[in-house]
Amino acid sequence: MASTNTVSVDVFELDAASLDKSAINAVRAAFGLVGILALGLGIALLVWPGRTVVVAAALVGIYFVIAGIARLALSIFSRGLSAGHRILGLLLGLIVLAAGIIVMRNLDASAAVLVLIAVIALGIGWIVDGIMAFVESGRGNGGGWGVAFGIFSILAGIVVLAWPGITALAFAMLAGITLCILGVVGVVRAFTFGKDAKAAA
């Protein structure tokens, strides 16, 4: 009797072993770019917390625009991605990009409306980014950082959406701390993603 070996394949998993060197480098570059940007914006929000809500919203809007573009570029130009991962990346990239554009186009709105728009965009963006990190982490050796990123990002998004009426200063401080943490984890992911696959090659 012939035995059949079944291999479980997750079409959304970002598996470094199935990617070529240029695709791994593209993923690492995207993780690193978004991580460095998040860290820089987080530090800026922590150093100048007394600035207007417009500045904080503009910084968050810039982060989402660049993060959305990076996600779209990764989904469009990386070779070796599954169709499911490519489609999910495109959809989530468009959502994050749209959230950033919404924030950036409403900078002249009143402070209360601006805070509400920024808080909703921030909460949704972090939840989306966390979901994407979970999906990408898979079961590989380097997936722990992706899971940590996903958990923290989703929890931060839920907290932000649960209390949208927080003050501008608290919003700036929370966004700054969260962006710093996500930035550090994103940079670590950039250095650890595909390390085992590259060493084996």
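A compact table of results
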read-out: Residue match in the stretch 113-128 (condition: under 13 Å from the mean Cα position of the chain (by Cα), surrounded by fewer than 22 Cβ atoms within 10 Å (Cβ to Cβ), of a type in the set (A, V, I, L, M) and modelled with pLDDT of 85 or more); value: yes
read-out: Test: residue in the stretch 72-81 that is of a type in the set (Gly, Ala, Ser) and either touching a strand residue (DSSP E or B) at 6+ places or on another chain (Cβ under 8 Å) or modelled with pLDDT of 80 or more (or both); value: yes
read-out: Any hit, the stretch 174-196, residues being buried (at least 19 other Cβ atoms within 10 Å of the Cβ), modelled with pLDDT under 80, more than 15 Å from residue 58 (Cα to Cα) and of a type outside the set (A, V, I, L, M); value: yes
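The values are calculated or read from the model by the stated rules, or taken from the named source; none is laboratory data. As the structure is a computational prediction, the values presented were derived from the model and not from experiment. Please note: Cβ atoms are built from the backbone with ideal geometry, for glycine as well, and neighbour counts cover all protein chains shown.
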